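A.B. asks: This structure is in structure tokens; I'll ask about it shortly.
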Amino acid sequence: MEIKLHRLSRLGMMAGLSYYLVVGSPTPAHAMHIMEGFLPIEWAVFWWIVFIPFFIWGLRSITRITRQHPETKLLLALVGAFAFVLSALKIPSVTGSCSHPTGTGLGAVLFGPGVMSVLGALVLLFQALLLAHGGLTTLGANAVSMAVVGPLAAYSIYQIVIRCGGKSTLAIFMGAVLGNLLTYVMTSIQLALAFPAASGGVLAAFTKFAAIFALTQIPLSISEGLLTVLVWNWLHQTAIEELQLLNLIKQES
């Protein structure tokens with residue numbers, strides 16, 4: 001009975017934090033992802049086509065995980081809320097875009113990058129409809145960078161660090177930092193392809209966009225990495241059974 005109450009209290013803490021992250025946190029509306037109508041229509045359609053297979057993969061991943069481990073649904077909600085809040089804290093950057101944390105690294109490591117393709121897309125959709133952050137025509141492009149490339153990078157880097165003998169805290173920090181940075185590398189590629197420079201073409205445009213993003217994104221990515229480590233450590237104290245079910249606990253000597 002005592003063990004059951006302890007478990008319920010931990011789940012309650014997770015539910016409360018999820019609620020606070022979504023409802024009780026500030027969501028400034030002075031900037032956005034690649035904004036509505038900014039991309040030429042052919043590029044908007046292209047990125048939608050690229051994103052759809054990843055979204056289908058993510059739906060299947062979520063279905064499988066929730067069927068096998070329904071007790072992880074609150075943890076799933078928490079990582080979605082974490083991504084929602086962090087990606088809503090924006091700093092204006094390149095015309096038509098912005099710099100911000102992404103928050104997708106945590107969910108990618110916990111559940112896999114496929115799951116974050118769905119959660120990231122939902123985050124972007126809600127922000128486009130409710131907060132005027134981003135847009136529907138550019139949702140495919142924003143999702144490819146933040147919900148596909150970022151999570152894939154974060155998950156891969158985490159696995160590489162762990163397999164090389166690194167501690168889980170270092171792995172999650174590196175995954176969150178580099179996942180964030182590679183999200184903006186992808187955004188720079190998207191903008192450069194759509195708006196090549198008159199002199200130097202796509203490469204020159206990419207260099208310009210990436211350099212401007214780097215001014216704000218490097219310190220933001222480091223801050224996101226540190227915050228993700230704090231949440232990671234908290235989860236190891238309050239949701240250890242859920243993490244074990246997801247095979248995330250690495251036995252360290």
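A.B. asks: If packing is taken as the average number of other Cβ atoms within 10 Å across a peptide's residues, how do 173-183, 219-229, 235-245 rank, most packed first?
C.D. replies: 173-183, 219-229, 235-245
A.B. asks: Grab the Cα-Cα distance for ILE49 and THR66, subtract it from 0.36 nm times how many residues apart they are, and report the gain in nm with one decimal.
C.D. replies: 3.4 nm
A.B. asks: Mean projection of the alpha-carbon convex hull of the stretch 52-163 over all orientations, in nm²?
C.D. replies: Result: 7.4 nm².
A.B. asks: Something else about it: By the scheme Lys and Arg +1, Asp and Glu -1, what is the net charge of all other residues having a beta-carbon under 13 Å from that of THR66?
C.D. replies: In short, +2.
A.B. asks: How do PHE38, PHE46 rank by accessible surface area computed with a 1.4 Å probe, from largest to smallest?
C.D. replies: Putting PHE38, PHE46 in descending order of accessible area: PHE46, PHE38.
A.B. asks: For a quick protection proxy, order the peptides 108-118, 47-57 by their average other-Cβ count within 10 Å, most packed first.
C.D. replies: Ranking, from highest mean packing down: 108-118, 47-57.
A.B. asks: To continue, here is another question. Arrange the residues TYR155, TYR184 by how much accessible surface each exposes, largest first, with a 1.4 angstrom probe.
C.D. replies: Per-residue accessible area, sorted high to low, gives TYR155, TYR184.
A.B. asks: Less than 15 Å Cβ to Cβ from PHE111, Lys/Arg counted +1 and Asp/Glu -1: what total charge do the surrounding residues give?
C.D. replies: In short, +2.
A.B. asks: Let me ask another. What distance in nm separates the simple spin-label points at LEU226 and ALA204, each placed 7 Å from Cα in the Cβ direction?
C.D. replies: It works out to 3.9 nm between the two label points.
The values are calculated or read from the model by the stated rules, or taken from the named source; none is laboratory data. What you see is a predicted model; the values in this text were computed from it and never measured. No Cβ is skipped: glycine too gets one built from the backbone with ideal geometry, and neighbour counts run over all protein chains shown. Calculation scope for accessible area: heavy atoms of the full protein, side chains included, ligands and nucleic acids excluded. Shrake-Rupley method; radii C 1.70, N 1.55, O 1.52, S 1.80 Å.
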